[in-house]
1. Within the P(r) computed for the stretch 20-77, what percentage of the Cα pairs occupies the region above 14 Å?
2. Computed over the Cα atoms of the stretch 693-803, what is the ratio Rg over Rh, Rh following Kirkwood?
3. How much accessible area does residue 447 have with a 1.4 Å probe, in Å² rounded to the nearest 10?
4. Using a 1.4 Å probe and counting only protein heavy atoms, arrange 194, 464 so the residue with the most accessible area comes first.
5. For residue 742 and residue 775, compute 0.36 nm times the residue count separating them, minus their Cα-Cα distance, and round to one decimal in nm.
6. For a Förster distance of 51 Å, can you work out the FRET efficiency between the beta-carbons of residue 88 and residue 457, rounded to the nearest 0.05?
7. Could you calculate the contour length gain from residue 474 to residue 729, that is, 0.36 nm times the residue separation minus the distance between their Cα atoms, to one decimal place in nm?
8. Enter the mean projected area of the convex hull around the alpha-carbon atoms of the stretch 419-479, in nm², rounded to one decimal.
Amino acid sequence: MRERSAIWQKIAARGDFGEDVEAVIAGKTYTAISAPVIERALCDSAVSVGNCIAASLKLSLLTEDIIPPASEVVIRARLYRGEAVSEWKEFGTFYIDRREENEGLVTLQCFDAMLKASQQYADPTDPEDRIGWPKTMADCVEEVAYRIGVELDPRTAINTGAAYQVPYPDRLSMQEVLGHIGACHGGNWVITPENKLRLITLVSPPAETFNIIDYEYNRIYTGGGYKLVWKHTGTGETVEHPAGGGLVQVPVVTGSIATGTKVNVTRTTIGADDDLGYTKGDSTGGELRIEDNPYACQAICDNLYEKYNGLEYAPYVIAGACFDPCAELGDWVLAGDKVRSVLYKCTLTFGADFRADIEAPYQEEVSSEYPYLSAIRQLKQKDKLLEKYMEAQKDEIHSEISQTRTQILLQVGGTYATKEQVNSALQVTTEGIMAEVEKKLPDGTEMEELKSSVKQTSEAITAEVTRAKGQEQALSSKIEQTAKSITLSVENGEQSSTIKLTGDGIEAQSKTIRFTGKMLFASNLTDGETEISGGNIKTGKIVSKNGLVYFDLDNNEIACSKLVGAEPYGNIPQAVMKVNTGFSSSGTYYGRVKLFVEGSEDNGLILSPSSDSHAEIKSQNGLEIGNGLSNGIISITDMAVKVRDPHSVNTYFQVGESRLTLNGAIYAALTRITTTSDFSYSLGINSEGKIVKDSSSSRRYKHDIAPVTDKRLDPRRLYELPVVQYVFNDGYLSPGDLRRNKAVIGLIAEDVAEHYPIAATYDGEGGVENWQERYIVPALLALVQEQHHEIEALRERISRLEDAYGRQADK
């Protein structure tokens, strides 16, 4: 029973009161309304547990206002009798589901927040949703309440312990999870009139003493303090409801009263599936049976038996009852000496003539079993009802809007008389927007399924279209876009093609790539396996169908055709790639590239700038490159690599067998050197651009070795050298460097030149370029050694002082 004032209780006591009613819709109060009808239920059949039934509201009002879709509706009422008037109280928060409009009369069908729990509990596509399981039943209940936008009723009690854990709810809705938890506690879930989620457990009817009362429903006592009664039932009077409910007195019944056979529960059974179940008790009475509950175990079965063994269930139906409207589901019900039971279901009609139909459902042979209507059975029943309804309606399309604090879901769908199924959905959440359109077309014995979807978040947009039909290969195409890339992909079941565009380039993957029309390439490409720019092509293997690749620079064409006048190289077949920059009057050409195919020891590649002198690349014994074989040779053989300077045949870099020999200098262009923050190499580049070897640290190469006395080398100068953090400028480090765009710790070369110049290095123009750790580290070591000696001296002094203090204390 809800809390209410003394004046409310007094007016409602005898059932002869009137009601003022108003509806608050989308924040606006309406009084020109018909008598609202509210239906609430714990169960639809003889005591079942694990139900989550949404309360419904139906009302009509005269208005020209445009009421927003899915608006919130709150019903408020107060009681009056004569001059006495009570306070206003709310009787539930509902949301518009459907409406009918006819010349200013708007009829609304609404449901409370329980309907929102029909959404899927966990997203199977989100790996983060699988973290943290199993969870306690109490945590799951609190999470569901938060997600559907209501508070948890403080009267709800959830058991704790190892048996009351919830595994990952794969493909389960929040309503199904709540139902399984409720069944494990022998109860059902409702949204209270105060808009709170409450678990109401089964209770037996109250023991009752029928007291003699006055006109105001007050009990009459004798002078000695004894109550006057005319009938007594049970062993005593229960003063406290075990499930946190109250007592409903029904003083007026304008309709009929019907009652059924009372039953006492003597056995509890809970099953996980058809093969696994647990039971306790005997068959002398009724059975509380729970089926298809994934959380079933013997401990839960034992707890249910301990709590509900001996539970009494008394079915009844009362039509046209008038009682206190603040009564709640789960309250005890007393109607004279006819009904002593529990309020399981009620239909309240508000208005000047308040009336209610209340009941505890009953059916034939109710004494044999108290079924728990599992989620699977509920779905089967809904399917049967839907089949009958569809058979009658043939062409049925429905729409639905559900809303929570964090999401709005709009759905339109159904089946046409042609058996064509359609469904469209739009989901808006705090994380993004998801739109989906689906159509299923019957084609003989097969069904063709067409589907498109668009998903948008703050980080990405994904669009996908799919088609599937019977045993045919499914087709799909997808576009994925982020700030960094755009990816287009198409798949036909056996093969797929993908194009990915990024700031670094374009990646294409397909069995066949066809280009139509002219292709233009930029002249500044630097990455990729194949580079095509204004006058340059760099690639791997080129295969020509007829053995010829022809470049005509006069006409800006690339073609494969027969080379007029080409002759075999002896008996060796040859493929010729001709670079033609023009023809002379005699018909000869200059500037050519010849590629010899496999067939003899003369295989190889010949590059010739003219018909007279040429550079050769041959593969029989090595690789030689030069503008004439007499100098400028790079020779690659099985045993060695040589680079000879055309001006000095004694200057070479050679790798042979297991040795590396460096004679002379190797130059590198500074603009072509990859910059790195990793200083772990033994070779370096000096200010002239030469690749040089670091100097040795052996005594053999040094003289005048002595302790540090030069003030320029004084290690204490490092105390003034600032240690800073910095980030390398954009474009300075190579793209793959791990420290790119990250703060690092280090020294500034200019600071080193100022405070410890011997460690600074300079470029060819005298500018400070870097610093040498081989001059910094010894100085740091000298400081460490100096501090070490000081610390040891201090330790020795402290030890002497402690000994002296100890001797003084002993005296």
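The values are calculated or read from the model by the stated rules, or taken from the named source; none is laboratory data. Keep in mind that what you see is a predicted model, and the values were worked out from it rather than measured. Cβ placement follows ideal geometry from the backbone for every residue including glycine, while neighbour counts extend to all protein chains displayed. All accessible areas refer to the heavy atoms of the entire protein, side chains included, with ligands and DNA or RNA removed. Shrake-Rupley method; radii C 1.70, N 1.55, O 1.52, S 1.80 Å.
1. 61 percent
2. On the way: Rg = 19.1 Å, Rh = 17.4 Å.
Using Cα coordinates only, the ratio equals 1.10.
3. Its accessible surface works out to 60 Å², give or take rounding.
4. Result, largest first: 194, 464.
5. On the way: separation 33, 0.36 × 33 = 11.88 nm, distance 2.68 nm.
Extra length from residue 742 to residue 775 when fully extended: 9.2 nm.
6. For R0 = 51 Å, the calculated efficiency reads 0.70.
7. On the way: separation 255, 0.36 × 255 = 91.80 nm, distance 4.93 nm.
In short, 86.9 nm is gained.
8. For the stretch 419-479, the mean projected area of the Cα convex hull comes to 4.6 nm².
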